Amino acid sequence: KYLIEEMATWQYPFSFIDFETIAPVLPYFKGMAPYELVAFQFSHHVLHENGRVEHASQFLKIEPGVCPNESFLVALNESILENGGGSVFRWGAHENTVLASLLKNCPHVDAPALQPLLNGGEHAMVDMSKVATKGYFISGSHGSSSIKRLLLPTLQASLDLEKIYGNPSYTSDNFTDMQWFQKDKNGKVRDPYEILVEQESVSAIADGGGAMEAYNILQCQNVSIEEESKSSLLCSLLRYCELDTLAMA
């Protein structure tokens, strides 16, 4: 009953957003305090009413010495305005906390589509983690509401997802003809995050900690990074964050 009533309040198109952030003890940028939040990346998927899923937009700003927070807000505002109109989804409290902090610290940024997304706002984001905790259980998740714990058993149980992602048809700015539903030689469904790591040559990123580490490396101006390694890190960051929002969709 809870899930039916909750879903009845959602409106298409559905937007799924995920942020990558860091709060360094030693600030990267002049004027910032220890542990002050830096939002350097987001991914935005859209699920349309006809079932079509698209990677609508992404943002990644890694220039050393340049705080990305204002650009992050501007880009997210544009993406919500261009692709929004429906419900916006997050997984957990992180995105709400980050957005509230950035809007408070950057009051001069014109981002009218973002304030209503906060808790209590006119178009408050839907916390999918809370929905999963209260209204969804699947064998193999061990009672967890973590998206990474729920994704694999959900794939294992869904014939529809096998039909959609069981062939090399997912294409975006970061992937070409990707097949997310795969089985190993024993017939067991593979974890998409393991598939992601397998696709990377050196700098595979498959969790938020890895994203923070990559951003930290890219901000260290006293550390020489070969252009090929830098390009690999950027690609890995984009692909990881995209998979997070695809998993939500």
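The values are calculated or read from the model by the stated rules, or taken from the named source; none is laboratory data. Keep in mind the model is a prediction, meaning the values are calculated, not measured. Cβ sites come from the backbone with ideal geometry, for glycine too, and all protein chains shown count toward neighbours. Only protein heavy atoms, including side chains, enter the accessible area calculation; ligands, DNA and RNA are left aside. Shrake-Rupley method; radii C 1.70, N 1.55, O 1.52, S 1.80 Å.
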(request) Just round it to a whole percent: the fraction of Cα-Cα distances in the range 29-125 exceeding 17 Å. (result) 53
(request) With no solvent and one equal point scatterer placed on each C-alpha of the chain, evaluate the Debye formula and give log10 I(q)/I(0) for q = 0.09, 0.12, 0.18 Å⁻¹, two decimals. (result) -0.41, -0.74, -1.56
(request) For the chain, calculate the relative contact order in percent as a whole number, restricting contacts to Cα pairs under 8 Å that are 6 or more residues apart. (result) 20
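Kindly provide the helix-only [θ] at 222 nm of the chain, computed as the sum of -39,500 (n - 2.57) over DSSP H runs of four or more divided by all residues, to the nearest 500 deg cm²/dmol?
Values: 9 runs with 101 residues, N = 249.
It lands at -12500 deg cm²/dmol.
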(request) With a 1.4 Å probe and all protein chains in place, put Cys220, Cys241 in order of accessible area, largest first. (result) Cys220, Cys241
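Kindly provide the GluC sites (Glu not before Pro) of the range 219-248 that DSSP labels as loop, not H, G, I, E or B, and whose Cβ sees at most 16 other Cβ atoms within 10 Å.
Answer by residue number: Glu226.
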(message) If you consider only alpha-carbon coordinates, what radius of gyration and Dmax does the range 1-75 have, in Å?
(response) 17.1, 51
(request) Let me know the Rg and Dmax you get for the range 154-247 when you use only its Cα atoms, in Å. (result) 15.2, 51
(message) If the only charges are +1 at each Lys and Arg Cβ and -1 at each Asp and Glu Cβ, what is the size of the charge dipole of the range 105-249 around the Cα centre, to the nearest 20 debye?
(response) 660
(message) I'd like the distance between the alpha-carbon centres of the range 1-54 and the range 195-218, rounded to an integer number of Å.
(response) 19
(request) Would you grab the residues whose amide H sits under 5 Å from the one on Phe89? Only those 5+ places off in sequence or on another chain, please, with H modelled 1.01 Å from N. (result) Ser15, Phe16, Ile17, Val126
(message) Heavy atoms of the protein only, probe of 1.4 Å, neighbouring chains included. What is the accessible area of Thr171 in Å², nearest 10?
(response) 80
(message) Taking only complete DSSP H runs, can you tell me which helices of the chain stretch 30 Å or more along their own long axis by Cα positions and average at least -1.0 on the Kyte-Doolittle scale?
(response) 227-248
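Under a 1.4 angstrom probe, counting protein chains only, how are Tyr2, Tyr12 ranked by accessible area, largest first?
On the way: Tyr2 70, Tyr12 100 Å².
The ordering from most to least exposed comes out as Tyr12, Tyr2.
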(request) Evaluate 2.2 N^0.38 Å with N set to the residue count of the range 86-176, then give the Cα radius of gyration divided by it. (result) 1.40
(request) Can you tell me the dipole magnitude for the chain around its Cα centre, using point charges on the Cβ only (Lys, Arg +1; Asp, Glu -1), in Debye to the nearest 20? (result) 700
